[in-house]
Amino acid sequence: MGEVDYARIFDVLPSPFMVVDKELRYIAANRAYLETTGRSFDEIAGQKVFELFPNPGESGDRLRASIDKVMATGQPDTLAYLAYPISRSSGGEVENRYWTAVHVPVLDADGSVKYVMQNTVDVTEFARIRAAATVPFTSLSAETRLIERTREVEAANADFRRLFQQAPAFFAILSGPTHVFTFASDSYLRLVGGRRLLGCSVGEAMPEVRDQGFIELLDRVFVEGYVHQAEGARLMLVRDEGKAPEETFLDFSYHPIRDPSGEITGVFVQGTDRTESVRAARRQRLLIDELNHRVNNTLATVQSIAAQTLRSTADTIKAREAFQARIQALSKAHSMLSDRSWHDTEIGRLVCQELSAYEGAQVRYAGPELVVNSKCTIALALLLHELATNAAKHGALSVPDGVVAVSWREDPEKNLVLEWSENGGPAVSAPSRRGFGSRLLDTVVTGELGGQLDVRYEPTGIFARLVIPPAAYIAQELALG
Amino acid sequence: MAKFAGSRIFVVEDETLVLFNLEDILTDLGCEVAGQAMRLDKAVELAKTVGEVDAAILDVNIGGTTVFPAAQILAERGVPLLFATGYGRDGLPDEWQGHAVIVKPYSPQDVERALGPLLDKQ
C-alpha cells in the first residue's frame, strides 16, 4: 500500500476548497474552487483574495472578519449565509451567488495558525427557495442540512424562534394527522391557561374544543391543503386550568405546512385574542342603545310636556313660560342624574335644587340622607316643580310671609314618605276643575310609582303626603352585561 | 277627527307625561282608553281582567322590566298589539317582531297610522 496522496485528494474533493496565508494570499485551491471561480490556479496563485474578488460590501467585511477571527483564535468559524457576487471568468459577467463558508485553521508545528483553509458551498438554490417561501417555518426543512452544520443559522433560528415565542399574536405548529403540538408561543400558552401542549394532540390538550368544529377544520387543512381564516370566531375555551370554559373570540388562520416535496406535514396556526375588544364593542353597543333609549324617552317626555302645557293653558305667553319652567325642572333633574352616572340622586339635593328659585326664608327642608333612583328622580322633580309653581301662584309662596316646609323620611316598611306643607298663605280650597298639576301629582304617585297620595286643602294652605313604596325608589344596579 | 270612534284601547305606559299624551291622542282619535297600567304587576292583572278591547298599545320597557308577560296574555286573547319603544324595532325580541311598532317619541299621526291597520282587522 503506497503513501496517501493528500494533494490529489484535496484536488478532487467535490466542494470548493482553498488555502490562504496570513496576508490572505492564495496558497492552494482545488479543482472545484477553480471551476466555481472560473480561474486557473496560475491566475490566482500568490494573489490576495480581496484584490481578485473585491467586495466592499457587508459580505466582504464578514468574510474578512471570519478569516481574521480564525487567524487570531485558532478556532474554526462558519458563515452560514453569505451573498457574494463573483464573475465566473476573469472579466466575465458578475453573478449574485449565495454561499456557506467554513474557515478552518491550519496550524504549524508550534501550534500557531499558519494558513486558513476555506470550504465554500454554493447555496444559491436554497436561497431561492427561502426567498420564495412565505410561511417562515416551511423553509426550514429545505435548509435543514445547513442548519445542522452551522452555528450561525442555529443562532439566527433561535432569534427567529424567540421572535415567534414572544410575539403578541399567538402561533402554534401542529404536526401530523392528529395535530400534535410541536411549537406553541407564549401568548398561545397564555390563551389556553398555561396547559401542557407540546407532544399532545389538540383533542388531548384541549378537550373542551373537541365538539366545536375546530378539529374537523384542522383535518380539512391537513388533508386538502385548505387555508382557513376566521374573524371574531366564538368558542368556549378553558382560560384557567380547572375552571369552566369561557366565551372567547379569536381572529385566526390555519395554513398547511408542506415539506419540499409538497406533502403536508402539519398545520401552522396563528391568530389574536379578540375577546376583550369584542366585549368592549358589545358594552359600547349596549351603552349606545341605552343612551338612544333615554334620549328618545326624554324627547317623548318633552313632547308630552309641550302638548299638555298647550292644552291646559289658553294664553300663549303663559303657556310658553309654563313650558320653559317645566323643561327647566326636568333639565335640573337630568344634570343631577348625570353627575351620578344616571344612577340615583340624594333627595335633599333634589328638593333644594327644584326650590332654589324661591326665597330661602320661605322654604324649609328636613330629612335624612336618602337616595332615590333615576326614574323616581325625574318623577319627583316634575312634582316638586308643579307644587312649587302652584304655591307661587295661589299658595304660600304668593305672599311674603308664607312658608313651605318639605320633609321626608323612611317609614318602618321602608316607604319613602314625603310631606309638602304650606303655611301662612291665602286660604285655599279644592279646585273645582282638576288641573294639570293635580292630575300629574295623582298619576305619578299612585300610577307611576305605585304609592299613595293624600292631598288636603287646609285653611292654612295645601298639605300633601306622598308615600312611595321601596320598589319604586330604591336604586338598582344598571343592567349592563 | 273621531276616526276610530268607539274603539277600545288598552294602554301600558310607565311615564306619566307620556301616558297623558297618549291618552289625549287616543281621545282625539275617538278612542276610549279601556284600561291603563303603569307597572308590570298591574299590566298583567288588567291584561287578564279587562273587558273586550280592540287593540293594546304597550310600552316595551316599564320600570326596568319588559311588558312581554302582559303582552303574552293579550296576544293569547287575540288582542292586536302595538309596541311603543325608545329602542325602535331593534329593541323588540325576535318572537315579537311580527307585531306593529311605534318609536318614541311618536306623533298623533304615528299612532293613527300604526293603529289603523290593527283596528281594520277587527
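The values are calculated or read from the model by the stated rules, or taken from the named source; none is laboratory data. Everything numeric in this text was worked out from a predicted model, so none of it was measured. Heads up, the Cβs are rebuilt from the backbone with ideal geometry, glycines too, and the neighbour counts pull from every protein chain shown.
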For this session: Quick one: count up the residues across region A:417-443 that are hydroxyl-bearing (Ser, Thr, Tyr), surrounded by fewer than 18 Cβ atoms within 10 Å (Cβ to Cβ) and in a strand (DSSP E or B).
Result: 0
Exercise. On the given criteria, is residue B:111 within 14 Å of another protein chain (Cβ to nearest Cβ), of a type in the set (Val, Ile, Thr) and touching a residue at least 60 places away in the same chain (Cβ under 8 Å)?
Worked result: yes
Exercise. Quick check, is residue A:46 under 15 Å from residue A:86 (Cβ atoms) and surrounded by fewer than 15 Cβ atoms within 10 Å (Cβ to Cβ)?
Worked result: no
Problem set entry | Neighbours by Cβ (under 7 Å, 6+ apart or cross-chain): first from region A:353-369, more than 16 Å from residue A:422 (Cβ to Cβ) and in the same structural domain as residue A:400 (by TED's automatic domain parsing); second of a type in the set (Phe, Trp, Tyr) and modelled with pLDDT of 85 or more | A:367/A:408
For this session: Would you mind finding the one in A:204, A:241, A:246, A:224 that is of a type in the set (D, E, K, R), loosely packed, with under 12 Cβ neighbours inside 10 Å and modelled with pLDDT of 90 or more?
Result: A:224
For this session: Go through region B:19-41 residue by residue and tally those that are surrounded by fewer than 22 Cβ atoms within 10 Å (Cβ to Cβ) and closer than 19 Å to residue A:441 by Cα.
Result: 5
For this session: Considering every residue within region B:67-85, establish whether at least one is within 14 Å of chain A (Cβ to nearest Cβ), under 17 Å from residue A:303 (Cβ atoms) and in contact with an Asp or Glu (Cβ under 9 Å, 6 or more places away or on another chain).
Result: yes
Problem set entry | Cross-chain or 6+ apart pairs with Cβ under 7 Å, region B:73-90 first and aliphatic (A, V, I, L, M), then assigned to a helix (DSSP H, G or I) and surrounded by 21 or more Cβ atoms within 10 Å (Cβ to Cβ) | B:73/B:47; B:74/B:47; B:81/B:71; B:81/B:74; B:82/B:115; B:82/B:118
Seminar exercise, completed: Subset of region A:195-239, residues in a loop (DSSP other than H, G, I, E, B), in contact (Cβ under 8 Å) with a residue 12 or more places away in the chain and more than 17 Å from residue A:184 (Cβ to Cβ), comes to A:225, A:226, A:227
Problem set entry | residue A:267 being under 30 Å from residue A:374 (Cβ atoms), within 32 Å of the chain's Cα centre (by Cα), surrounded by 14 or more Cβ atoms within 10 Å (Cβ to Cβ) and away from chain B (no Cβ under 14 Å) | no
Exercise. Out of region A:275-310, which residues are within 14 Å of another protein chain (Cβ to nearest Cβ), basic (Lys, Arg) and without any contact (Cβ under 8 Å) to a residue 40 or more places away in the chain?
Worked result: A:285
For this session: Please work out which residue is nearest to the other protein chains (Cβ to nearest Cβ), limiting yourself to region B:16-58 and to residues that are touching a residue at least 24 places away in the same chain (Cβ under 8 Å) and of a type in the set (Asp, Glu).
Result: B:28
Exercise. Just a yes or no: is a residue in region A:45-66 in contact (Cβ under 8 Å) with a residue 60 or more places away in the chain and out of contact with any Lys or Arg (no Cβ under 8 Å at 6 or more places or on another chain)?
Worked result: no
Seminar exercise, completed: Residue set B:64, B:78, B:51; condition modelled with pLDDT of 90 or more, among the small types (Gly, Ala, Ser), surrounded by fewer than 19 Cβ atoms within 10 Å (Cβ to Cβ) and over 12 Å from the mean Cα position of the chain (by Cα); output residue B:78
For this session: Name the one entry in A:406, A:399 that is of a type outside the set (Phe, Trp, Tyr) and under 54 Å from the mean Cα position of the chain (by Cα).
Result: A:406
Exercise. Quick check: is even one residue across region A:460-476 of a type in the set (Lys, Arg), within 14 Å of chain B (Cβ to nearest Cβ), surrounded by fewer than 20 Cβ atoms within 10 Å (Cβ to Cβ) and outside any loop (DSSP other than H, G, I, E, B)?
Worked result: no
Exercise. So which helices (runs of 4 or more DSSP H) are wholly in region A:284-402 and hold at least 2 residues that are within 29 Å of residue B:108 (Cα to Cα) and among the hydroxyl-bearing types (Ser, Thr, Tyr)?
Worked result: A:316-339, A:374-393
